[in-house]
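All remarks here apply to the structure that follows.
The values are calculated or read from the model by the stated rules, or taken from the named source; none is laboratory data. The shown structure was predicted, so the numbers you read here are calculated from the model rather than taken from an experiment. A quick note on method: Cβ atoms are made from the backbone with ideal geometry, for glycine too, and the neighbour counts reach across all protein chains shown.
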Amino acid sequence: MSSLTDRYLAATLRAVPAARREEIATELRGSIEDMIDGRRAEGRDPATAEREVLTELGNPAQLAARYADRRLQLIGPTYYLAWERLMKLLLSFVPATVGIVVGVLEATDGENPGGAIGEGIATGLQTAIHIAFWVTLVFAVLERTNTSLNLPAWTVDQLPEDHVNRQITLVDAAAAIGWLVLVIAYLPLQHFRSFVPTDDGGNLPLLDPALWSFWLPFLMAVLAVNVGLEVAKYRAGRWTWPLVAANIVVDLAFAVPVVWLMWTDRLLNPAFVNRWEWLGREENLNTIATIVIAGTVLVVLWDIADSAIKAYRNRH
Amino acid sequence: MVSDETLRTHLQELRRGTVVVASLIALRRPDYGYALLQRLTGHGFPVDANTLYPLLRRLEEQGLLTSEWNTEESRPRKFYRTSDEGESVLQRLLDDLADVQTSLTGLIEGVER
């Protein structure tokens with residue numbers, strides 16, 4: 001018995017269930033020898049015949065998969081769409097949320113606000129990789145164990161209202177609402193648990209507690225209205241001029257107070273600012289204020305322009 | 001012009017199921033893997049060895065084939081034969097194949113069923 005055939009059999013049988021290995025081995029060996037004999041009868045020399053036969057049988061792993069009736073795909077058509085949907089939904093907001101939370105905690109907790117951005121981005125990326133890996137792993141296992149997910153069958157009722165022109169997808173709306181809820185929750189959270197201790201071990205709020213008399217509740221109310229706007233946008237499925245107008249009002253209702261409070265040095269808690277030497281210096285605080293103001297203005301302008309362009313396209 | 005690749009895929013699709021039918025017919029007379037491969041090829045059913053050998057095992061597991069080892073010759077060979085169950089499945093498949101042919105003929109000639 002020549003060694004190539006032995007090696008081929010070993011490579012094939014390694015991936016075949018043990019219970020049937022021996023029988024398949026005997027049969028496959030016989031078949032290979034029959035095929036070699038057939039080629040030699042046509043005048044090939046033994047070595048060439050063996051090579052040709054094994055080449056014809058192809059990759060041992062593939063042959064073994066056929067014997068074992070095993071699937072040569074990570075996630076097949078049965079689960080692919082469910083996998084894709086879940087992946088898109090989770091990746092649309094979880095990594096960014098975790099990244100921001102970690103970044104904010106790091107910024108309030110540590111002495112290095114600059115490093116917090118890097119920390120947040122790195123954590124966000126790690127989260128994305130974890131989500132992608134574990135979701136895929138679960139679906140790959142389902143594929144191999146043939147588990148039924150009992151997902152409801154597709155019906156015509158699931159067709160989107162205006163599937164051709166839907167600009168605002170469920171994923172977009174869910175992500176936006178998730179963000180808003182997070183920010184709404186953060187405003188009171190930072191007051192009670194900012195993760196910045198005072199000198200006597202108490203809690204040091206990030207934002208000026210004096211703002212609770214009016215501005216912080218007002219901003220939370222504006223954000224809540226914004227959630228309503230996201231729902232309305234999703235139900236409409238596309239940008240309309242009334243929605244654009246409402247969006248401008250809500251955007252400005254949030255941005256103008258924030259910019260104005262930052263400008264007049266009333267947004268951040270003075271005790272918090274003085275906690276760090278770096279932040280306490282006048283020019284550094286001004287830099288931070290400029291960045292926040294410029295960032296807010298840019299985001300608002302971009303959001304308004306984007307909504308207006310999309311609404312305009314719908315008309316034309 | 002349709003590419004060779006496209007044509008090949010369609011032909012493959014068309015032929016796929018016929019290998020089972022042909023094997024069940026051929027194995028009314030017991031035979032072993034390689035000899036069956038030769039017979040099928042000789043009768044115009046070219047089939048890849050790496051498709052046929054695993055297929056025979058699968059059909060056996062489904063009870064459509066029975067098998068018996070023959071150790072009288074120079075090397076031990078596993079002979080497969082179409083079982084009673086395999087025969088009844090084969091009849092269904094042949095009926096269906098005939099239906100397909102009838103329907104196609106009808107379509108070609110434009111006759112309403």
(request) Among residues belonging to region A:268-292 that are of a type in the set (Phe, Trp, Tyr) and out of contact with any helix residue (DSSP H, G or I) (no Cβ under 7 Å at 6 or more places or on another chain), point out the one that is modelled with the highest pLDDT. (result) A:Phe272
(message) Could you go through region B:42-55 and let me know if any residue there is in a helix (DSSP H, G or I) and over 18 Å from A:Asp69 (Cβ atoms).
(response) yes
(request) Filter region A:23-51 down to residues that are within 50 Å of the chain's Cα centre (by Cα) and buried (at least 19 other Cβ atoms within 10 Å of the Cβ) and give me whichever is nearest to A:Thr5 (Cα to Cα). (result) A:Ile32
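Quick one: in region A:191-245, which of the residues that are assigned to a loop (DSSP other than H, G, I, E, B) and among the β-branched types (Val, Ile, Thr) is farthest from A:Leu180 (Cα to Cα)?
Here is the first cut: in region A:191-245, the ones assigned to a loop (DSSP other than H, G, I, E, B) are A:193-196, A:198-202, A:204-206, A:208, A:214, A:237-240.
Filter once more, keeping what is among the β-branched types (Val, Ile, Thr): A:196, A:198, A:240.
On the way: A:Val196: 24, A:Thr198: 29, A:Thr240: 21 Å.
Here the answer is A:Thr198.
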(request) Return the residue satisfying two criteria in turn: it lies in region B:31-69 and is within 9 Å of chain A (Cβ to nearest Cβ) and touching a residue at least 40 places away in the same chain (Cβ under 8 Å), and of such residues it is nearest to A:Gly58 (Cα to Cα). (result) B:Gly33
(request) Mind listing whichever residues of region A:6-64 are without any contact (Cβ under 8 Å) to a residue 40 or more places away in the chain, within 11 Å of chain B (Cβ to nearest Cβ) and not in a helix (DSSP H, G or I)? (result) A:Gly58, A:Asn59
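Does A:Leu229 count as under 24 Å from A:Val102 (Cβ atoms) and either surrounded by 15 or more Cβ atoms within 10 Å (Cβ to Cβ) or over 26 Å from the mean Cα position of the chain (by Cα) (or both)?
no
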(request) Among residues belonging to region A:65-98 that are within 14 Å of another protein chain (Cβ to nearest Cβ) and either assigned to a helix (DSSP H, G or I) or more than 36 Å from the chain's Cα centre (by Cα) (or both), point out the one that is farthest from A:Ala153 (Cα to Cα). (result) A:Tyr67
